[in-house]
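Reading through the structure tokens given below for one structure.
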Amino acid sequence: MSQGPFSQVIQVVDVPPAGLHLVLSPDAAIREALAREAGIIAVPALTARLHVAPEGAAGLRVTGTVEGVVRQTCGVTLEPFDAPLSEPVDVHFVPAGTLKPPVEGEEDTGIDPPDEIVDGGIDLGALASEFLNLGIDPYPRKPGAVFEQPDAGEGNLSPFAALSRLNRDE
């Protein structure tokens, strides 16, 4: 069902009417694989606190948070640093084949369509991985790091400056 390194499948029939509270904490090997997949140095900590509840006749709703720490390389100093991460989760799941394709010309509501239930279950590990990746800063900057514009000294002249000197020498 899941192609990623973190998989925790729950079957729809196993969710009681009151729902389930789950805490997922992948081990070090899975966090290492998640870091490789995300293209970052490491994921020192990751916890998904999720509530799975029935919704409608055969759907599910997953709410909660994905929290952790990611180790990234600062885009300014090129030094590794740890950044906290906290992403709210609110995802609806519907049985496979019940999604209606968007009607052309219909106004976009801005609401994400529900995900599909595959083979009677949903993969909460894959969902946590998705929200981990959504929470990673694509332009990481270590706290306190400031980009300073290089001095416009002799070493930073444009390539055309050498040509203009040649004209002056003639």
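Since every read-out is calculated from the coordinates, none of them should be taken as a lab result. Predicted model only: the values in this text are computed from it and were never measured. So basically every Cβ, Gly included, is an ideal-geometry build from the backbone, and we count neighbours across all protein chains shown.
Given a Förster distance of 35 Å, report the FRET efficiency between Ala161 and Asp137 from their Cβ-Cβ distance, rounded to the nearest 0.05.
0.40
If each residue of separation counts as 0.36 nm, what is the full-extension length gain between Leu99 and Ala57 once their alpha-carbon separation is subtracted?
In short, 13.7 nm is gained.
List every DSSP H helix in the chain whose Cα atoms extend 27 Å or more along the helix's own long axis and whose mean Kyte-Doolittle hydropathy is at least -0.5.
Membrane-span-like by this criterion, though nothing is claimed about a membrane: none.
Taking the Cα centre as origin and putting +1 on Lys and Arg beta-carbons and -1 on Asp and Glu beta-carbons, what dipole magnitude results for the chain, to the nearest 20 debye?
Here the chain has a charge dipole of around 460 debye.
Candidates (1) 1.09; (2) 0.96; (3) 1.56; which is the computed Cα Rg over 2.2 N^0.38 Å?
Computed from the coordinates, Cα Rg over 2.2 N^0.38 Å corresponds to (3).
How far apart, in nm, are two points set 7 Å out from the Cα along the Cα-to-Cβ line at Asp27 and at Asp90?
In this crude spin-label approximation the distance works out to 3.6 nm.
Need one number: % antiparallel among DSSP beta bridges in region 14-81, to the nearest 5.
If I count the DSSP bridges inside region 14-81, around 100 percent turn out antiparallel.
Quickly rank 41-47, 9-15 as a protection proxy: mean count of other C-beta atoms within 10 Å, highest first.
41-47, 9-15
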